[in-house]
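Here, each number is a calculation from the coordinates, and none is a lab measurement. Just so we're clear, the structure is a prediction, and the values are computed from it rather than from any experiment. Because the Cβ atoms are built from the backbone with ideal geometry, glycine has one as well, and the counts that use them run over all protein chains shown.
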Amino acid sequence: MSSRKCLNCGLVSFATAENCKRCSASLKEASAQSLSETAHKEYEFDDDKPRRKGLSPLRILLLILLVVLPCWYYYSSSQKAIDKGEQTEKKQLDQNLQKLSNIDAARDGYRVHN
């Protein structure tokens with residue numbers, strides 16, 4: 001429930017009261033002025049508040065994540081590419097060794113027959 005404050009004596013009265021019980025001043029003007037003060041206070045910035053200097057823990061965490069996550073992604077993707085390259089090289093090496101062993105076997109067979 002809302003209330004009205006008397007501008008003359010400061011007594012807080014019910015919202016339905018039209019006159020102050022203490023000094024009999026009109027509360028209609030008080031309610032209009034208090035509404036404008038309330039609206040003004042909602043949009044008023046308090047420059048007297050001390051502001052924290054430095055970074056908040058949340059901002060520090062976000063900065064760390066913005067640096068660490070791309071680095072981790074780059075490392076993991078490059079590591080996968082290296083692993084894939086090693087596997088391809090190993091397959092190619094095995095194929096070449098197999099070809100060489102087939103050539104050696106063919107030479108040995110040629111020597112045995114001659």
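Note on Leu55/Ser3: beta-carbon distance plugged into 1/(1 + (r/R0)^6) with R0 of 35 Å gives a FRET efficiency of 0.25.
A simple spin-label model places pseudo-atoms 7 Å from Cα toward Cβ; at Thr88 and Glu18 they are separated by 9.1 nm. Distance between the modelled labels on Leu97 and Lys80, one decimal in nanometres: 2.8 nm (7 Å Cα→Cβ projection).
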